[in-house]
Amino acid sequence: MFKMMLVLFPVIATTLMGIAVIAILGIDMWAGWQEIALAAAGGFVVSIPISWWVGKQVIAKTGWDS
């Protein structure tokens with residue numbers, strides 16, 4: 001399952017980081033780099049358990065495990 005998580009992590013991390021940065025910019029168009037960096041870091045941290053969960057779901061549904 002760890003391999004599946006490693007495959008999914010880059011896609012999920014960039015997506016969540018992008019969503020967080022866009023949300024910050026949508027709230028405050030003139031946000032400083034600290035707020036943007038914190039939003040990106042938060043998206044990165046949140047993507048770790050989400051990648052683990054999605055990987056577990058993919059393996060459960062497909063039966064793929066190598």
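The values are calculated or read from the model by the stated rules, or taken from the named source; none is laboratory data. Note that the structure is a prediction, hence the values are computed from the model and not measured. In this analysis, Cβ positions are derived from the backbone assuming ideal geometry, glycine residues included, and neighbour counts consider all displayed protein chains. Ligands, DNA and RNA are excluded from the accessible area calculation, which covers all protein heavy atoms including side chains. Shrake-Rupley method; radii C 1.70, N 1.55, O 1.52, S 1.80 Å.
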Q: Answer yes if at least one residue in the stretch 27-47 is in contact with a helix residue (DSSP H, G or I) (Cβ under 9 Å, 6 or more places away or on another chain), of a type in the set (Ser, Thr, Tyr), assigned to a helix (DSSP H, G or I) and open to solvent by 50 Å² or more (accessible area, probe 1.4 Å), and no otherwise.
A: no
**Q.** Search result, residues across the stretch 1-29 that are touching a residue at least 12 places away in the same chain (Cβ under 8 Å) and closer than 11 Å to Ala39 by Cβ
**A.** Leu16, Met17, Gly18, Ile19, Ala20, Val21, Ala23, Ile24
Q. Could you give every pair whose Cβ atoms fall below 9 Å, whose first residue belongs to the stretch 31-54 and is farther than 13 Å from Leu16 by Cα, and whose second residue is open to solvent by less than 30 Å² (accessible area, probe 1.4 Å) and among the acidic types (Asp, Glu), counting only separations of at least 6 or pairs across chains?
A. none
Q: Return the only residue of Ile19, Ile12 being part of a helix (DSSP H, G or I), open to solvent by 70 Å² or more (accessible area, probe 1.4 Å) and of a type in the set (A, V, I, L, M).
A: Ile19
Q. Taking the stretch 12-34, which residues are under 19 Å from Val45 (Cα atoms) and among the aliphatic types (A, V, I, L, M)?
A. Ile12, Ala13, Leu16, Met17, Ile19, Ala20, Val21, Ile22, Ala23, Ile24
